[in-house]
Amino acid sequence: MGKEGFYRCVECSRKAAELHRDYSNGILKITICGSCQKPVDKYIEYDPVIILIDAILCKAQAFRHILFNTSLNIHWKLCVFCLLCEAYLRWSALHGSEQSSDPADIIRYTKEWEFYELMAFCSGVLSFLWLWVSCLQGGSIKLNLLLRGLLLSCYGKVLLVPAVIWEHDYSPFCLGLIKLFVLTSNSQAIRVILNCSRRLSLVAVCFGLLSETLIAQACSKLPWSIQDIQDMWTS
(Lines give C-alpha, C1' and ligand atoms only; values in the text may rest on other atoms or scores of the structure.)
Protein backbone atom coordinates (compact mmCIF):
# COMPACT_ATOMS: atom_id res chain seq x y z
CA MET A 1 0.00 0.00 0.00
CA GLY A 2 0.98 3.62 -0.38
CA LYS A 3 2.11 5.80 2.48
CA GLU A 4 -0.52 6.82 5.02
CA GLY A 5 -2.17 10.12 4.15
CA PHE A 6 -1.39 9.81 0.46
CA TYR A 7 -4.21 7.50 -0.55
CA ARG A 8 -6.84 8.54 -3.08
CA CYS A 9 -10.48 7.65 -3.40
CA VAL A 10 -10.80 5.57 -6.55
CA GLU A 11 -14.19 7.15 -7.32
CA CYS A 12 -13.66 10.90 -6.84
CA SER A 13 -9.84 11.13 -6.45
CA ARG A 14 -10.07 12.93 -3.08
CA LYS A 15 -7.23 12.32 -0.62
CA ALA A 16 -7.83 9.86 2.20
CA ALA A 17 -5.96 9.07 5.39
CA GLU A 18 -6.60 5.32 5.24
CA LEU A 19 -8.11 2.64 3.06
CA HIS A 20 -9.50 0.46 5.84
CA ARG A 21 -9.67 0.27 9.62
CA ASP A 22 -8.37 -2.81 11.40
CA TYR A 23 -10.50 -3.78 14.37
CA SER A 24 -9.79 -6.54 16.87
CA ASN A 25 -10.03 -10.23 15.91
CA GLY A 26 -8.92 -9.49 12.33
CA ILE A 27 -12.07 -7.57 11.41
CA LEU A 28 -11.48 -5.03 8.64
CA LYS A 29 -13.85 -2.25 7.64
CA ILE A 30 -13.33 -0.37 4.39
CA THR A 31 -13.13 3.39 4.83
CA ILE A 32 -15.94 5.44 3.30
CA CYS A 33 -14.96 8.57 1.41
CA GLY A 34 -16.26 11.74 3.04
CA SER A 35 -16.80 13.39 -0.34
CA CYS A 36 -18.62 10.84 -2.50
CA GLN A 37 -19.82 8.52 0.31
CA LYS A 38 -18.43 5.48 -1.49
CA PRO A 39 -15.65 3.07 -0.43
CA VAL A 40 -12.28 4.77 -0.74
CA ASP A 41 -10.81 1.75 -2.51
CA LYS A 42 -13.08 -1.16 -3.36
CA TYR A 43 -10.21 -2.95 -5.09
CA ILE A 44 -8.51 -3.96 -1.84
CA GLU A 45 -11.09 -6.77 -1.68
CA TYR A 46 -10.79 -7.70 -5.36
CA ASP A 47 -8.75 -10.46 -6.93
CA PRO A 48 -5.68 -9.16 -8.87
CA VAL A 49 -7.10 -10.67 -12.07
CA ILE A 50 -10.20 -8.45 -11.82
CA ILE A 51 -8.00 -5.41 -11.19
CA LEU A 52 -5.94 -6.28 -14.26
CA ILE A 53 -9.08 -6.64 -16.39
CA ASP A 54 -10.37 -3.23 -15.25
CA ALA A 55 -6.94 -1.73 -16.00
CA ILE A 56 -7.02 -3.24 -19.50
CA LEU A 57 -10.45 -1.62 -19.92
CA CYS A 58 -8.76 1.68 -18.93
CA LYS A 59 -11.11 2.28 -16.00
CA ALA A 60 -10.04 5.33 -14.01
CA GLN A 61 -10.84 3.58 -10.71
CA ALA A 62 -8.38 0.78 -11.45
CA PHE A 63 -5.70 3.27 -12.48
CA ARG A 64 -6.16 5.24 -9.23
CA HIS A 65 -5.86 2.04 -7.20
CA ILE A 66 -2.62 1.04 -8.92
CA LEU A 67 -0.99 4.47 -9.03
CA PHE A 68 -2.00 5.87 -5.62
CA ASN A 69 -3.02 3.05 -3.30
CA THR A 70 -0.37 0.42 -4.04
CA SER A 71 3.41 0.35 -3.92
CA LEU A 72 3.83 -1.41 -7.25
CA ASN A 73 7.41 -0.73 -8.34
CA ILE A 74 7.87 -2.85 -11.44
CA HIS A 75 7.79 0.04 -13.89
CA TRP A 76 11.52 -0.08 -14.68
CA LYS A 77 11.47 -3.86 -15.22
CA LEU A 78 8.40 -3.50 -17.40
CA CYS A 79 10.12 -0.72 -19.31
CA VAL A 80 13.17 -2.87 -20.10
CA PHE A 81 10.99 -5.81 -21.17
CA CYS A 82 8.90 -3.65 -23.49
CA LEU A 83 12.00 -2.05 -24.98
CA LEU A 84 13.43 -5.47 -25.84
CA CYS A 85 10.16 -6.54 -27.48
CA GLU A 86 9.89 -3.38 -29.57
CA ALA A 87 13.56 -3.50 -30.51
CA TYR A 88 13.24 -7.08 -31.71
CA LEU A 89 10.24 -6.25 -33.89
CA ARG A 90 11.90 -3.28 -35.55
CA TRP A 91 15.27 -5.03 -35.83
CA SER A 92 13.73 -8.08 -37.50
CA ALA A 93 11.77 -5.85 -39.89
CA LEU A 94 14.94 -4.07 -40.97
CA HIS A 95 17.05 -7.17 -41.38
CA GLY A 96 14.40 -9.35 -43.00
CA SER A 97 15.61 -12.78 -44.01
CA GLU A 98 19.24 -11.87 -43.30
CA GLN A 99 18.73 -11.24 -39.60
CA SER A 100 21.23 -12.64 -37.14
CA SER A 101 20.22 -14.83 -34.25
CA ASP A 102 22.82 -13.30 -31.97
CA PRO A 103 21.01 -11.79 -28.91
CA ALA A 104 23.78 -9.17 -28.63
CA ASP A 105 22.55 -7.58 -31.88
CA ILE A 106 19.04 -7.11 -30.44
CA ILE A 107 20.40 -5.62 -27.20
CA ARG A 108 22.65 -3.32 -29.22
CA TYR A 109 19.68 -2.16 -31.29
CA THR A 110 17.71 -1.54 -28.10
CA LYS A 111 20.45 0.70 -26.73
CA GLU A 112 20.84 2.58 -30.01
CA TRP A 113 17.22 3.39 -30.90
CA GLU A 114 14.38 2.22 -28.69
CA PHE A 115 15.70 3.69 -25.44
CA TYR A 116 16.15 7.11 -27.02
CA GLU A 117 12.69 7.04 -28.58
CA LEU A 118 11.05 6.12 -25.26
CA MET A 119 13.07 8.84 -23.55
CA ALA A 120 11.93 11.32 -26.22
CA PHE A 121 8.28 10.32 -25.73
CA CYS A 122 8.40 10.64 -21.92
CA SER A 123 10.40 13.88 -22.11
CA GLY A 124 7.92 15.36 -24.57
CA VAL A 125 4.92 14.47 -22.40
CA LEU A 126 6.53 15.67 -19.16
CA SER A 127 7.81 18.90 -20.73
CA PHE A 128 4.40 19.76 -22.15
CA LEU A 129 2.61 19.05 -18.86
CA TRP A 130 5.19 20.97 -16.85
CA LEU A 131 4.84 24.00 -19.12
CA TRP A 132 1.05 23.81 -19.11
CA VAL A 133 0.49 23.20 -15.40
CA SER A 134 3.42 25.07 -13.82
CA CYS A 135 3.93 27.98 -16.18
CA LEU A 136 0.45 28.64 -17.58
CA GLN A 137 -1.73 27.61 -14.62
CA GLY A 138 0.67 28.28 -11.75
CA GLY A 139 0.29 24.79 -10.30
CA SER A 140 2.79 22.05 -9.54
CA ILE A 141 3.19 18.49 -10.74
CA LYS A 142 5.12 15.48 -9.49
CA LEU A 143 7.31 14.50 -12.40
CA ASN A 144 8.42 11.24 -10.75
CA LEU A 145 4.81 10.12 -10.30
CA LEU A 146 3.99 11.04 -13.88
CA LEU A 147 7.01 9.13 -15.17
CA ARG A 148 6.03 6.09 -13.11
CA GLY A 149 2.48 6.34 -14.46
CA LEU A 150 3.68 6.59 -18.06
CA LEU A 151 5.93 3.54 -17.73
CA LEU A 152 3.32 1.43 -15.95
CA SER A 153 0.67 2.36 -18.50
CA CYS A 154 2.89 0.89 -21.22
CA TYR A 155 1.86 -2.57 -20.01
CA GLY A 156 -0.02 -3.04 -23.27
CA LYS A 157 3.31 -3.54 -25.02
CA VAL A 158 3.41 -6.99 -23.44
CA LEU A 159 1.03 -7.91 -26.28
CA LEU A 160 4.05 -7.59 -28.56
CA VAL A 161 5.16 -11.01 -27.32
CA PRO A 162 2.43 -12.99 -29.14
CA ALA A 163 2.92 -10.69 -32.14
CA VAL A 164 6.56 -11.80 -32.22
CA ILE A 165 5.80 -15.49 -31.69
CA TRP A 166 2.77 -15.84 -33.99
CA GLU A 167 3.71 -13.61 -36.89
CA HIS A 168 1.11 -13.51 -39.66
CA ASP A 169 -0.15 -11.31 -42.48
CA TYR A 170 -2.16 -9.11 -40.11
CA SER A 171 0.82 -8.27 -37.86
CA PRO A 172 1.09 -4.59 -38.98
CA PHE A 173 -2.60 -4.06 -38.20
CA CYS A 174 -2.21 -5.75 -34.79
CA LEU A 175 0.87 -3.67 -33.98
CA GLY A 176 -1.06 -0.52 -34.85
CA LEU A 177 -3.86 -1.52 -32.48
CA ILE A 178 -1.32 -2.25 -29.72
CA LYS A 179 0.24 1.18 -30.24
CA LEU A 180 -3.19 2.85 -30.06
CA PHE A 181 -4.04 0.92 -26.89
CA VAL A 182 -0.76 1.92 -25.22
CA LEU A 183 -1.29 5.59 -26.09
CA THR A 184 -4.84 5.40 -24.70
CA SER A 185 -3.50 3.92 -21.47
CA ASN A 186 -0.86 6.66 -21.28
CA SER A 187 -3.58 9.28 -21.68
CA GLN A 188 -5.71 7.70 -18.96
CA ALA A 189 -2.75 7.56 -16.56
CA ILE A 190 -2.07 11.28 -17.08
CA ARG A 191 -5.75 12.10 -16.62
CA VAL A 192 -5.89 10.14 -13.35
CA ILE A 193 -2.67 11.55 -11.89
CA LEU A 194 -3.41 15.21 -12.70
CA ASN A 195 -7.19 14.87 -12.38
CA CYS A 196 -7.40 16.86 -15.61
CA SER A 197 -9.59 16.82 -18.69
CA ARG A 198 -9.34 14.12 -21.32
CA ARG A 199 -8.44 16.74 -23.91
CA LEU A 200 -5.33 17.87 -22.02
CA SER A 201 -4.09 14.31 -21.53
CA LEU A 202 -4.61 13.51 -25.23
CA VAL A 203 -2.71 16.64 -26.29
CA ALA A 204 0.15 15.69 -23.96
CA VAL A 205 0.33 12.19 -25.44
CA CYS A 206 0.24 13.58 -28.98
CA PHE A 207 3.08 15.96 -28.10
CA GLY A 208 5.10 13.05 -26.75
CA LEU A 209 4.35 10.98 -29.86
CA LEU A 210 5.50 13.89 -32.04
CA SER A 211 8.77 14.10 -30.09
CA GLU A 212 9.28 10.35 -30.45
CA THR A 213 8.62 10.49 -34.21
CA LEU A 214 11.04 13.38 -34.74
CA ILE A 215 13.78 11.60 -32.81
CA ALA A 216 13.18 8.38 -34.75
CA GLN A 217 13.42 10.20 -38.09
CA ALA A 218 16.54 12.08 -36.99
CA CYS A 219 18.24 8.87 -35.84
CA SER A 220 17.37 7.04 -39.05
CA LYS A 221 19.12 9.73 -41.10
CA LEU A 222 22.34 9.70 -39.08
CA PRO A 223 25.31 8.41 -41.09
CA TRP A 224 26.62 6.70 -37.96
CA SER A 225 25.12 4.82 -35.05
CA ILE A 226 25.17 5.57 -31.35
CA GLN A 227 27.45 2.58 -30.86
CA ASP A 228 29.98 4.09 -33.30
CA ILE A 229 30.09 7.28 -31.21
CA GLN A 230 30.61 5.27 -28.03
CA ASP A 231 33.41 3.28 -29.66
CA MET A 232 35.04 6.50 -30.87
CA TRP A 233 35.08 7.98 -27.35
CA THR A 234 36.36 4.81 -25.72
CA SER A 235 39.13 4.25 -28.29
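Taking a 30 Å limit on the Cα-Cα distance, which of the listed pairs 15/59; 15/179; 38/157 fall beyond it?
Where the Cα-Cα span goes over 30 Å, the pairs concerned are 15/179; 38/157.
Once the whole set of protein chains is in place, how much accessible area is left on residue 174, using a 1.4 Å probe, in Å² to the nearest 10?
Its heavy atoms expose roughly 50 Å² to the probe.
If ligands, DNA and RNA are left out, what is the accessible area of residue 70 with a 1.4 Å probe, given in Å² to the nearest 10?
30
When only the heavy atoms of the protein chains count and the probe is 1.4 Å, how do 57, 183 rank by accessible area, highest first?
57, 183
Taking K and R as +1 and D and E as -1, what net charge do the other residues with C-beta under 13 Å from the C-beta of residue 186 add up to?
+4
Got a sec to turn the phi values of region 50-61 into Karplus ³J(HN,Hα) couplings, 6.51 cos²θ - 1.76 cosθ + 1.60 with θ = phi - 60°, whole Hz, x for Gly and Pro?
5, 4, 5, 4, 5, 5, 5, 7, 6, 6, 4, 4
Test of understanding: what is the full-extension gain from residue 177 to residue 20, defined as 0.36 nm times their sequence separation minus their Cα-Cα distance?
52.6 nm
The values are calculated or read from the model by the stated rules, or taken from the named source; none is laboratory data. Given the structure is predicted, the values throughout are model-derived calculations rather than measurements. Every residue, glycine as well, gets a Cβ built from its backbone with ideal geometry; the counts of neighbours run over all protein chains shown. These accessible areas exclude ligands, DNA and RNA; they are computed on the full protein's heavy atoms, side chains included. Shrake-Rupley method; radii C 1.70, N 1.55, O 1.52, S 1.80 Å.
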